[in-house]
Amino acid sequence: MQASTKAFGFARVSSEDQARGGISLGLQMDAIRAYCAAKGLDLVKTWEVAETASFDDERVRFKEMLEEYSSSEEVPHLVFYKVDRSNRNTWDHARLEDLVRKRAKHLHAALDHFHLHREAPPSEWDRFEMMGLFARSETRHLSARVKSCIAQQTAQGHWSYKAPPGYRKIPRGGIEPDPLQGPLVAELLAMAATGNFSLDVLTKESLRLGIRYQGKALSRSAIHRWLVDPVFAGPFYSKGTLITNYRHTPLIDWRTHERIRERLSDYRRVEKKVREPQALSGVLECAVCGNSITFFSAKKGRYTYGFCGTCKRNGVKHPFLDEREAAAQLRGIAAQAILAPEASKLLEAGLYEYRTRKTEALQARRASIEARLEALRQKLSRAFEALTEGAVDGETYARNTNAWRSEKEK
């Protein structure tokens with residue numbers, strides 16, 4: 001049987017390449033096509049990608065290409081422009097080597113005249129290892145240079161990260177107020193400084209004003225995180241250090257920032273709702289992906305259904321599994337399990353101990369919630385009495401507020 005000559009071509013540039021006028025995608029693809037023509041390879045599909053190799057989660061297109069290439073039995077050849085275009089981290093290098101050794105794939109580098117396959121001589125494997133080492137070393141050195149530049153710009157008072165809402169990046173470093181978004185963010189900050197708007201209302205006002213951050217509307221948590229950030233008043237934090245020699249134009253003054261922090265400092269992260277434990281959770285596995293089936297209660301606890309969360313996230317639709325049907329399937333298996341009397345007593349004692357601990361924990365949690373509820377009732381009662389008996393002067397208000405916050409910290 002004649003070996004297949006079908007090949008994929010992959011060309012990639014990073015922002016670093018583009019910044020210094022490096023090798024373009026078009027030039028890479030021309031070299032790949034010329035190499036395929038000279039080697040008699042049929043180029044059936046190509047990728048032209050502009051993404052950095054610095055971070056694993058940013059090489060999305062490369063991973064997509066690699067998945068399609070590894071799953072294709074008809075395409076044994078993969079052609080890069082150079083070896084350093086193929087991998088710049090250990091995971092990519094190991095994955096490519098595994099494809100060659102175990103799947104009989106062929107890797108090519110057009111400019112290096114490099115061809116790696118299962119029966120390649122040791123010198124070619126050594127060459128692949130050395131080129132991969134040099135490429136990964138370049139990535140580490142590039143990361144060190146970027147971090148050094150960020151530290152230098154920060155020391156000079158320039159904001160070196162993604163521009164916050166209401167600002168835009170300056171090509172030579174730093175940020176400046178965005179002519180469109182800047183006034184909108186300043187208006188939202190002024191509203192927050194009054195103390196008359198809750199965080200939920202401020203979130204809705206952000207949507208109404210049309211404030212966008214990286215093309216998306218701000219969530220409630222993002223609103224709170226950014227409103228209390230001092231960058232809008234000038235100073236900003238970098239790795240825990242407050243940088244006061246800022247160069248950008250503030251949207252508000254420092255006193256307004258302090259008022260915002262005072263108004264919004266009492267917002268705490270809400271405790272996540274704990275889902276009621278289900279007897280069959282973690283017992284059954286999905287027949288498609290092999291992950292655990294999750295069960296949940298519906299109709300006020302009258303029905304319990306199971307589903308595979310992984311398949312649901314991936315868009316694979318399955319009918320919900322009724323707990324009663326699952327229990328019927330397990331009943332036959334459970335009937336075959338015969339425990340010795342000693343094991344039965346040990347299991348019974350363990351279940352009793354677990355139930356006792358669970359009951360005590362729930363009772364303690366209920367007592368804590370009731371105590372907090374009673375404290376809130378007392379605070380509301382005192383506030384109502386203060387409002388009905390007359391105006392509260394500023395000194396009394398500040399004293400009571402500080403006492404309430406101290407009690408809340410406990």
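Between ARG377 and ALA287, what is the spin-label point distance in nm, taking each point 7 Å from the Cα along the Cα→C-beta axis?
If labels sit at ARG377 and ALA287, their model points lie 5.4 nm apart.
Dipole magnitude of region 191-350 about its Cα centre, charges +1 at Lys/Arg Cβ and -1 at Asp/Glu Cβ only, in debye to the nearest 20? Show your work: numbers first, answer last.
Working: 26 positive and 15 negative charges, 124 e Å.
Around 600 debye, computed over region 191-350.
Looking at the square roots a ≥ b ≥ c of the eigenvalues of the Cα gyration tensor of the chain, which shape do they give, rounded for a/c under 1.5, prolate if a/b is larger than b/c, or oblate? Walk me through the numbers on the way to the answer.
Numbers: a/c = 2.84, a/b = 1.26, b/c = 2.25.
Since a/c reaches 1.5 but b/c is at least a/b, the shape of the chain is classed as oblate.
Using packing as a proxy for protection, rank 34-40, 235-241, 343-349 so that the peptide with the highest average count of other Cβ atoms within 10 Å comes first. Mind showing how you got there, number by number?
Working: 34-40: 14.4, 235-241: 12.7, 343-349: 10.7.
By packing density, highest mean first, the sequence is 34-40, 235-241, 343-349.
Stretched out fully, how many nm does the piece from ALA104 to THR356 gain, at 0.36 nm a residue minus the Cα gap?
Taking ALA104 through THR356 to full extension adds about 84.8 nm, to one decimal.
Tell me which residues come under 5 Å, amide H to amide H, from ILE175 once H is placed; ignore anything under 5 positions away on its chain.
So ILE175 has HN proximity to TRP159, ILE170.
Taking amide H positions as placed in the peptide plane 1.01 Å from N, state which residues far from THR46 in sequence (5 or more) or on other chains have amide H under 5 Å from it.
GLY9
How far, in nm, would the chain grow between THR401 and GLN363 when pulled straight, counting 0.36 nm per residue and subtracting the alpha carbon separation?
Values: separation 38, 0.36 × 38 = 13.68 nm, distance 3.14 nm.
Gain on extension, THR401 to GLN363, equals 10.5 nm.
When a footprinting reagent is the concern and you count Cβ atoms within 10 Å, what order do HIS108, HIS158, HIS115 take, fewest first? Before the final figure, lay out the partial values.
Values: HIS108 24, HIS158 20, HIS115 15.
Arranged by neighbour count, lowest to highest, HIS108, HIS158, HIS115 become HIS115, HIS158, HIS108.
Name the residue from GLY309, SER198, TYR161 whose Cα lies farthest towards the positive end of the charge dipole of the chain, charges +1 on Cβ of Lys and Arg and -1 on Cβ of Asp and Glu.
Going by the charge dipole, the pick is SER198.
Helix-only estimate, please: 222 nm mean residue ellipticity of the chain, summing -39500 (n - 2.57) across DSSP H runs of length 4 or more and dividing by its residues, to the nearest 500.
On the way: 13 runs with 207 residues, N = 410.
Helix-only estimate at 222 nm: -16500 deg cm²/dmol.
Going by how many other beta carbons lie within 10 Å of each one, how would you line up CYS286, CYS308, fewest first? Can you show the working numbers first?
Working: CYS286 19, CYS308 22.
The fewest-first ordering by Cβ neighbours comes to CYS286, CYS308.
Got the relative contact order for the chain handy, in percent, Cα pairs under 8 Å and 6 or more residues apart? Intermediate values should be presented prior to the final figure.
Details: 429 pairs, mean separation 31.0, N = 410.
After rounding, I find 8 percent.
Can you flag which of LYS216/LYS239; LYS162/LYS317; LYS45/LYS147; LYS82/LYS312; LYS6/LYS82; LYS299/LYS358 are past 29 Å Cα-Cα? Could the numbers behind the result be given before it?
Numbers: LYS216/LYS239 26 Å; LYS162/LYS317 38 Å; LYS45/LYS147 37 Å; LYS82/LYS312 39 Å; LYS6/LYS82 19 Å; LYS299/LYS358 25 Å.
LYS162/LYS317; LYS45/LYS147; LYS82/LYS312, as the Cα separations exceed 29 Å there.
Where a number appears in this text, it was derived from the coordinates with a stated rule and is not lab data. Just so it is clear, the structure is predicted and the values come from calculations on it, not from any experiment. When we count neighbours, we look across all protein chains shown, and the Cβ atoms used for this are built from the backbone with ideal geometry, even at glycine.
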